[in-house]
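For reference, the structure is listed below as structure tokens.
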Amino acid sequence: MVAGGLLFAGAIALGGCTRSDAAAAADAARAQSLLEQRRVGEARIAIREAIAARDDEPQYHILRGRIEMAADSVSGAYDAYSDAMSLDPANMEALQAVSQLGLQTGHFRESLEATDAILSLSPDEPGALLMRGLHAVIRSRFAEADGYADRILARDPGNEGGVILKARIAVRKGAPGDALAVLAPYGAARPDTVGVAMTRLEVYRSMRDAAGMREQFARLRTLAPDNPDLRLDEADFAFKDDRPRDGAALIVGLLADPKAPPGRIAATLAVWREYLSQGPGDASLEPVAATGSTAARITTAEFLAGHGRIAGARQLLAGLDAATRSPVDALLALREKRPEEALRLADTVLSRDATHCLALTVRADIVLQQGRAAEALRAAQLAASQCPAQTGAWMIAAAAYARRDDLENARRMWRQGISANSQNPDMSRAYVAWLSASGQEREALAVARRLTHEAPALLGGWRLYRDTCARQKQDCLGAAQAGLKNASTLYGIDPLPGQAPPNGLFGRIVTRTAT
């Protein structure tokens, strides 16, 4: 990477440059300086100003790519490097970035073209050979992929990327033992690495080898102590590995992270929901209350309140200002059967923010109980449209339609809610109960079965399917019990609906059909 003082200083001094050229060069130099100070947000602004003044300078787009990478924006970095490559097709940094990032972002054709361009300039470039091998794996051309791995390892037998590629190919070919043999020198003759340990973890996962996974997670705690995605994966595994105390401790640690983004908070609570009875007790929540972000404390308190954990919710709310905590306070008042207080608190929140989802849901629940179905419907529908993950809003909207004898629209609310929360067992369980109560047993069974398709590793989904089969005395009971047993050793969190499987060297090893 070129230092900022060298990269742009000459541009300002060029004879005959325009004022906009000089301003662009100054903005770019400032962006480089800010990047070196790790002031990424300000660096983003500065480089955008430079590109706005002059968008035909490839080095500005390359700098933007570096800044986007520092901001953990893979898609933003790909776009920046792609722009740079269009301006300078032989720029090696841009080619390598498009080759690698294109694979991660689903731009397969562009990635392959950039990879081939690198190999045309440098036929034995190991990074490009590695990417070529990964493209072959994606297409299930395992012999071709093996050939690229062999070319890498022929020049450098210890090349980490080549070794990992060779191991992943072996797993995809159904030979996980061969994969472990390829990885064996690491941790013995050579020091273990994060990449090798993660690959070994995936090999053991494919073998459903709990002891092997346990060992790799222990190694990764040392090799990659600051990787929250690994910690979340380990939490889910610990519960299935019959170590609920370890799983609960990992969940608390993730929620106590002051930098946890909203998506990770939601994913962490989804794991907790799956193993709710074995999740963290109130006494263990102190770290979340002490160092968790306001978003983590509020979201977790709402989760606890929704599951009747009143004391734990109050513990997390302690010390927050009244305006911040009042939506959850409204939910707590509702759960404690103090509807007047709950409605007052919800309306106070809505007077400041008419679209606050939790306040709208609390309000809808109360007014529906008071027999004001039309009013409840308006609030619940607004909450559901603003926050599709607010499952209570969908349920209340459906109940409001049912109260008005509009069962067709009630079913529509349930279906839309299930579609928006297809991996949420609470939502599916409630819909199954609603369908069963109205005599729609066939539809209830279909909803339960669909959850097992959306989330095959989710034990709660298989239990719902099993219980529904048993209650209806259907011949699917045996299949449901077998599915539950199978899911107990499916170690790993189900990918989100529509999420592309990983295409790089790391991540879950999945089976794909040829393309």
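Where a number appears in this text, it was derived from the coordinates with a stated rule and is not lab data. Owing to the predicted nature of the structure, the values given are computational and were not obtained by experimental measurement. Methodologically, a virtual Cβ is constructed for each residue, glycine included, from the backbone with ideal geometry; neighbour enumeration extends over all protein chains shown.
Odds and ends about this structure:
- When Rg and Dmax are taken over the Cα atoms of the chain, they come to 26.9, 87 Å.
- Between LYS337 and LYS259, the simple label model (points 7 Å from Cα in the Cβ direction) yields a spacing of 4.7 nm.
- C-alpha long axis of helix 142-155 to longest principal axis of the chain, angle in °: 50
- Per-peptide average of other Cβ atoms within 10 Å, ordering 403-410, 122-129 highest first: 122-129, 403-410
- Whole-number D in µm² s⁻¹ for region 62-136, Kirkwood Cα-pair radius fed into Stokes-Einstein, 25 °C, 0.890 mPa s: 206
- Near-label residues of region 279-313 by backbone N, under 13 Å of a point 7 Å along Cα→Cβ of ALA433: 307-308
- Region 410-472-region 87-113 distance, computed between alpha-carbon centres (Å): 43
- The relative contact order of region 338-421, computed from alpha carbon pairs under 8 Å that lie at least 6 residues apart in sequence, is 23 percent.
- Residue order, fewest to most beta carbons within 10 Å, for SER419, SER111, SER120, SER99: SER120, SER419, SER111, SER99
- Taking every lysine pair in the chain that is 8 or more places apart or spans two chains, those with Cα atoms closer than 28 Å amount to 5.
- Entry note, region 435-494: relative contact order of 33 percent, from Cα contacts under 8 Å with a spacing of 6+ residues.
- Potential lengthening between ARG208 and SER140 on full extension [0.36 nm per residue; Cα-Cα distance subtracted]: 22.2 nm
- The distance separating the Cα centre of region 275-303 from that of region 346-401 comes to 25 Å.
- Helical runs (DSSP H, four residues minimum) scored at -39500 (n - 2.57) apiece and divided by the length of the chain put the mean residue ellipticity at 222 nm at -23000 deg cm²/dmol.
- Here region 298-391 is treated with +1 on each Lys and Arg Cβ and -1 on each Asp and Glu Cβ, and its dipole about the Cα centre works out to around 140 debye.
- Dipole-positive endmost among GLN481, ALA29, VAL203 within the chain (Cβ charges, Cα centre): GLN481
- Across the chain, Cα pairs under 8 Å and at least six residues apart give a relative contact order of 9 percent.
- If you bin all the Cα-Cα distances of region 186-308 at 5 Å, starting from zero, the percentages per bin are 2, 11, 21, 21, 18, 11, 8, 5, 1, 1, 0.
- Each of ILE493, ILE152, ILE396 was scored by other Cβ atoms within 10 Å of its Cβ. Listed from fewest to most, they are ILE493, ILE152, ILE396.
- Cα centroids of region 227-253 and region 147-199: 27 Å apart.
- Pairs of alpha carbons in region 300-445 whose separation is greater than 20 Å (percent): 47
- Ordered by the count of other Cβ atoms within 10 Å of each Cβ, fewest first, GLU68, GLU454 give GLU454, GLU68.
- For region 435-494, the Kirkwood hydrodynamic radius comes to 11.5 Å, computed from all pairs of different C-alpha atoms.
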